[in-house]
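Take a look at the structure set out below.
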Amino acid sequence: MKGNVLVVDDEQVVLKSCERILGPEGYGVSTVTSAKEALGLLEQNRYDLIITDLMMPEMNGLDFMKQVRAKDPDINIVVITGYPSQESIRESLSLRIIDYLPKPFSPALLLEATGKAVELKKKGVTPEARVEDYTEETAEKLDEIIRRYRGKPGALIPVLQEAQDLVGYLPPVVQRHVARGLKVPVSEVHGVVSFYSFFTMKPKGKHNIRVCLGTACYVKGAEEIVKKLSDGLQIEVGGITTDRNFSLETVRCLGACGLAPVVVVDKDTYGSINPIKVLDLLKDYE
Ligand code: FES
């Protein structure tokens, strides 16, 4: 089985759709029509993902998520809602949801969100947008960007570039905002973000470190540089330090092979790096 999913929604039609879409794809799907029943099931079973509605009688989705978070800080949650207001999305984000799906959602969208959430749960990672990255002010600025390009051919890429400049990266919640604003399928937005290497779905630190792993740098010890940085900063490649000061990534040839091995911090290029001393480079950025 790919993963255990609990779906909470007071509409039977939504529960049946989730069962029909996720069941044949190898997910174990439990469904309940109220948050109270869901809390009961969570006492007895472990789930890889909770998919929950926001508007439900008795206990709404936000109160439900607060109770879930109090018991299990690491469980992955995806919200489905018919009426996403900035306020409800913002509050959901503060509860560290992975993503939200506007109703009605397509099977492809549900499968994509579920697959991503379950896979990340298995890796022990939660890629939610940080609440400070998607504030009401950010959402308004995103709307302004979208308005400037709406209706123009080829609008998607420049909108995503400006959105990335604004937020720093393109988490799912920003991709959905852009898709809604430009009236294009979320799958198209996601496809573009995944295809172009200059788009990133991961947050970057205040200072981004890039280590070249191209051939010239590799043979001169670039792998050792990556290891030293990763150990010193206590992050994996693609990760960000807890104070958000540094992020670490690897790239293929920075076009400065004569200086190999090469490390770039923000826009500063450093050549002939000695792996033993590489952490000293970062002192100027602390
Ligand atoms: S291989 Fe590293 S700069 Fe070219």
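All of the numbers you see were taken from the coordinates with simple rules; none came from a lab. Predicted, not measured: the structure shown is a model, and the values here were computed from it. Because the Cβ atoms are built from the backbone with ideal geometry, glycine has one as well, and the counts that use them run over all protein chains shown.
What list do you get for Asp143, Asp268 if you sort them by fewest beta carbons within 10 Å?
Asp268, Asp143
Among Ala38, Ala117, Ala108, which one moves the most in a GNM of the chain with springs linking Cα atoms closer than 10 Å?
Checking each option, the largest mean-square fluctuation is seen for Ala108.
Taking θ as phi - 60°, what are the ³J(HN,Hα) couplings along region 156-163 by the Karplus curve (6.51, -1.76, 1.60), each to the nearest whole Hz, with x for Gly and Pro?
Each residue of region 156-163 in turn: 4, 5, x, 5, 5, 4, 5, 5 Hz.
Which whole-Hz couplings ³J(HN,Hα) result when phi for each residue of region 10-17 is put into the Karplus expression 6.51 cos²θ - 1.76 cosθ + 1.60, θ = phi - 60°, listed in order with x for Gly and Pro?
Each residue of region 10-17 in turn: 7, 9, 4, 4, 6, 4, 5, 4 Hz.
Please compute the modelled spin-label separation between Tyr270 and Asp165, points set 7 Å along Cα→Cβ, answer in nm with one decimal.
So the two model labels end up 2.9 nm from each other.
When the chain is fully extended, how far beyond the present Cα-Cα distance does Thr242 get from Lys202, taking 0.36 nm per residue of separation?
13.0 nm
Add -39500 (n - 2.57) for each DSSP H run of 4 or more in the chain, then divide by its residues: what number comes out at 222 nm, to the nearest 500 deg cm²/dmol?
For the chain, the value works out to -13000 deg cm²/dmol.
Angle between the Cα long axis of helix 136-149 and the longest principal axis of the chain, 0 to 90 degrees, nearest 10?
80
Residue separation times 0.36 nm, minus the C-alpha to C-alpha distance between Glu11 and Arg147: what's the value?
Contour length minus the Cα-Cα distance gives 45.5 nm.
Which of the GluC sites (Glu not before Pro) found in region 172-255 are loop residues per DSSP with 13 or fewer other Cβ atoms within 10 Å of their Cβ?
Within region 172-255, the qualifying GluC sites (Glu not before Pro) (loop, at most 13 other Cβ atoms within 10 Å) are Glu236.
Give a residue-ordered list of calculated ³J(HN,Hα) values for region 228-238 (Karplus: 6.51 cos²θ - 1.76 cosθ + 1.60, θ = phi - 60°; whole Hz; x for Gly, Pro).
Whole-Hz 3J(HN,Hα) from phi for region 228-238: 4, 5, 4, 5, x, 8, 6, 9, 7, 4, x.
Can you spot the lysines whose alpha carbon is less than 23 Å from Lys36's alpha carbon? Ignore those fewer than 8 places along the same chain.
Lys16, Lys66, Lys71, Lys103
Which of the trypsin sites (Lys or Arg not before Pro) found in region 148-194 are in a DSSP loop and have at most 11 neighbouring Cβ atoms, other than their own, within 10 Å?
Listed in order of number, the matching sites are Lys183.
Considering only Ile276, Ile21, Ile80, give the residue with the highest GNM mean-square fluctuation for the chain, with springs between Cα atoms whenever their separation is below 10 Å.
Ile276
For region 132-195, just run the numbers: alpha carbon Rg, then divide by 2.2 N^0.38 Å, N being how many residues it has.
Normalised Cα radius of gyration, region 132-195: 0.98.
Taking only Cα atoms, what is the 0 to 90° angle, nearest 10, from helix 172-182's long axis to the longest principal axis of the chain?
It works out to around 80 degrees.
Place a +1 charge on the Cβ of each Lys and Arg in region 132-195 and a -1 charge on the Cβ of each Asp and Glu, then give the dipole magnitude about the Cα centre in debye, rounded to the nearest 20.
460
Percent relative contact order of the chain, based on C-alpha pairs within less than 8 angstrom and at least six residues apart?
Rounded, it is 11 percent for the chain.
If amide H atoms are built 1.01 Å from N in the plane of the peptide, which residues on other chains or at least 5 residues away come under 5 Å of the amide H of Tyr27?
For Tyr27, whose amide H was placed from the backbone, the distant partners under 5 Å are Lys2.
Can you work out the base-10 log of I(q)/I(0) for the chain at q = 0.17 1/Å, using the Debye formula on its C-alpha atoms alone?
Scattering profile of the chain, log10 relative to I(0): -1.29.
For region 207-285, give the share of DSSP beta bridges that are antiparallel, in percent and rounded to the nearest 5; count only bridges with both residues there.
The answer is about 55 percent antiparallel.
Helix 107-123 sits at what angle to the longest principal axis of the chain, using alpha carbons and giving 0 to 90 degrees rounded to 10?
The answer is roughly 60 degrees.
Taking a cut-off of 22 Å, what percent of all Cα-Cα pairs in region 3-127 are separated by more than that?
Across region 3-127, Cα pairs with separations above 22 Å total 25 percent.
Based on the alpha-carbon gyration tensor of region 171-261 and its eigenvalue square roots a ≥ b ≥ c, which shape applies: rounded if a/c is under 1.5, prolate if not and a/b is larger than b/c, or oblate?
It comes out oblate by the Cα gyration axes.
Share of antiparallel DSSP beta bridges in the chain, in percent to the nearest 5?
The antiparallel fraction comes to roughly 20 percent.
Once amide H atoms are built 1.01 Å from N in the peptide plane, which residues 5 or more positions from Met56, or in another chain, come under 5 Å H to H?
The answer is Gly61.
If the chain between Leu111 and Glu25 were fully stretched, how many nm would it gain, using 0.36 nm times the residue separation less the Cα-Cα distance?
Extending this stretch completely gives an extra 30.1 nm.
Which of the cysteines in the chain are isolated, no other cysteine C-beta under 4.7 Å?
Cys18, Cys253, Cys257, each lacking another Cys Cβ under 4.7 Å.
If each of Asn60 and Cys253 carries a label point 7 Å out from its Cα toward its Cβ, how far apart are those two points in nm?
For the pair Asn60/Cys253, the computed spacing is 5.6 nm.
Just add up the charged neighbours of Lys16: K/R +1, D/E -1, any other residue whose Cβ is under 15 Å from the Cβ of Lys16.
With Lys, Arg at +1 and Asp, Glu at -1, the net is -3.
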